[in-house]
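The values are calculated or read from the model by the stated rules, or taken from the named source; none is laboratory data. Here the structure is a predicted model, which means the values were calculated and not measured. Counting neighbours? That spans all protein chains shown, and the Cβs are built from the backbone with ideal geometry, glycine included. What goes into the accessible areas is simple: the full protein's heavy atoms, side chains included, and nothing from ligands, DNA or RNA. Shrake-Rupley method; radii C 1.70, N 1.55, O 1.52, S 1.80 Å.
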Amino acid sequence: MNIYDISQKSGVSIATVSRVLNNSKNVSEKTRQKVLAVMEEADYQPNAFARGLTLNTMQTIGLLCADSSDPYLGSAISYLEQGLRAHGYDTLLCCTGYDWAQKEKCTDMLLSRHVDALIFIGSTFIEKTDEKNAYLARAAAQVPIIIVNGYLKGNNIYSVLCDDVEASYAATMRLLRSGSKRPLFLTRSLSFSGMRKQAGFEKAFQETGVPLKSEHILQNSGSLSEIREALLRHYEASPFDAVLATDDEMAIAVLKFAKKRGLSIPNDLAVIGYNNSLLSICCEPELSSVDNRLEYLCSTSVALLMSLMDGKKAPEKTEVSAELILRGTTPEGF
């Protein structure tokens, strides 16, 4: 049964049936109940796409992330879906991987599904050139774009992010002031977020006058065992007494390295992770970690998007402060 059948059986026009479907006020309560009764009797489910075209909204938000198996990104997806569902919005999720062409392809695919907005989760969607960021600008010409924990200036593009520069700077200063002479910055990639964290690390060296050398920074995007082996090689060439890792998974690789190398944590080696994810309390000792307040970033993103959906203005950039959560991988009194 379709809308035409409902119209005939109800004895009303197609336009009236459409008004009932759209919950329009321009229908008498008696007529509304008559049409609804016919729909219920026929177990009629209106086509979501057709209804979306009529209402000019699909009540659907497109979510894009690089890898949903990543604990940080997986948590963000969960927070966003819960928040959007509370406002009556469904979601379509696309896991893009890290290839630029695939990111663009997934964006275009979601736009073809007539989503009401797009939320990009993570800074990996911010490329280093305007040419590669052009697909985001093209998407923003059609629907609002929200970037969680990344920043790109542009019309109809809104960013909600943690102040990673200040967070990394504060954590590094704590390491240096607690007596560390050779801290190591362990990073997975030179993403937008990764570069901001590195900038904070370097800022702490500049302010304390400690010479920053190339051996103070190690980049490795491998598995836990590959990162562990890279740390073993790096330690032989240039020993370090503290590590600031750009995510908790990398920090756990540091714990594995320390065990294999026979180093005591936190006495021989202090370790700070990033994201304050579930992983930080699943290891022994439990991991000190920078809490970039992911849940708050996501709830703020949803609130901002709902304001836009209501036709209200919203700030182009919303930046929140992080908090260092101290656990067993940093010494007492740290």
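Descriptive notes on the structure:
- Using alpha-carbon coordinates, inclination of helix 29-42 to the longest axis of the chain, degrees: 70 degrees
- Extension gain, Arg233 back to Leu92 (0.36 nm per residue minus Cα-Cα distance, nm): 46.4 nm
- Taking label points 7 Å from Cα along the Cα-to-Cβ direction, Lys317 and Ser264 give a separation of 4.6 nm.
- The aspartates and glutamates within cross-link reach of Lys132, meaning a Cα-to-Cα straight distance under 12 Å and a gap of 8 or more places when in the same chain, are Asp99, Glu104.
- By the rule of a C-alpha distance below 29 Å, with chain neighbours fewer than 8 residues away ignored, the lysines paired with Lys260 are Lys181, Lys197, Lys213.
- The long axis of helix 100-112 is offset from the longest Cα principal axis of the chain by roughly 20 degrees.
- Sequence-distant lysines (8 or more away, or on other chains) whose Cα lies within less than 25 Å of Lys25: Lys9, Lys34, Lys312
- Nearest-0.05 FRET efficiency for Ala199 and Asp99, computed from C-beta distance (R0 30 Å): 0.70
- Between Val302, Val38, Val160, the residue with the greatest mean-square fluctuation in the GNM of the chain (Cα pairs under 10 Å linked by springs) is Val38.
- Cysteine residues of the chain whose Cβ has no partner cysteine Cβ closer than 4.7 Å: Cys65, Cys95, Cys162, Cys282, Cys283, Cys298.
- Efficiency of FRET from Cβ geometry, Ser69 and Ser13, R₀ 56 Å, rounded to 0.05: 0.65
- Taking a sphere under 12 Å around the Cβ of Ala242 and counting the other residues whose Cβ falls inside, with K and R at +1 and D and E at -1, yields a net charge of +2.
- Pairwise label distance in nanometres, Leu111 with Glu166, each label 7 Å out on the Cα-Cβ vector: 3.5 nm
- Principal-axis tilt of helix 248-261 within the chain, Cα atoms, nearest 10 degrees: 30 degrees
- Count Lys and Arg as plus one, Asp and Glu as minus one, and take only other residues whose Cβ is under 15 Å from that of Leu326; the net charge is then -2.
- Checked against a 31 Å cut-off, the cross-linked pairs Lys128/Lys313; Lys153/Lys256; Lys103/Lys256 give Cα-Cα distances beyond that limit for Lys153/Lys256; Lys103/Lys256.
- When only alpha carbons are used to place a centre, the stretch 122-155 and the stretch 166-206 end up 26 Å from one another.
- Pairwise label distance in nanometres, Leu190 with Glu29, each label 7 Å out on the Cα-Cβ vector: 6.8 nm
- Calculated FRET efficiency, Thr129 to Ala37, Cβ-Cβ distance, R0 = 51 Å: about 0.30 to the nearest 0.05.
- Per residue, the stretch 69-122 exposes 47 Å² of solvent-accessible protein surface, assessed with a 1.4 angstrom probe and all protein chains in place.
- Backbone amide hydrogens, once placed in the peptide plane, bring Val243 within less than 5 Å of Leu184, Ala270, Val271, Ile272, excluding anything fewer than 5 places away on its chain.
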